[in-house]
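Student: Okay, here's the structure, questions in a sec.
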Amino acid sequence: MPKYYEEKEEDGRACGGVREDLRQCLLESACVLQENKSPKQCLREGHCRSLQMTFFACKRSMLDTRARFRGRKGY
């Protein structure tokens, strides 16, 4: 289960769960902790790629008119 659901209040924004998990993944990555790079630099280098793609799909589904019937992608 994603870390977002464990003892945290719910974020009212769209794609909040994926956003929080992406943030935690970047902050806990070796790129940030050991190499002292910013999370933005680590994201550009390709760390946490699967969560980044899930977040992108969730944000894109907000603009998709079919989302009215299918719901947002992500969690």
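Student: What ranking of Lys40, Lys59 comes out by heavy-atom accessible area, probe 1.4 Å, highest first?
Tutor: Ranking Lys40, Lys59 by accessible area, largest first, yields Lys40, Lys59.
Student: Got a number for carbon plus sulfur as a percent of segment 17-63's accessible area, 1.4 Å probe?
Tutor: That fraction is 54 percent.
Student: So, one more: Express in nm, to one decimal, how much length is gained between Glu45 and Arg60 on full extension, taking 0.36 nm for each residue of separation and deducting their alpha carbon distance.
Tutor: 3.2 nm
Student: Accessible area per residue for segment 17-63 in Å², computed with a 1.4 Å probe and the full protein assembly in place, what is it?
Tutor: Each residue of segment 17-63 exposes 65 Å² on average to a 1.4 Å probe.
The values are calculated or read from the model by the stated rules, or taken from the named source; none is laboratory data. All values reported here derive from a predicted model rather than from experimental measurement. In case anyone asks, the SASA skips ligands and DNA or RNA and just uses the protein heavy atoms, side chains included. Shrake-Rupley method; radii C 1.70, N 1.55, O 1.52, S 1.80 Å.
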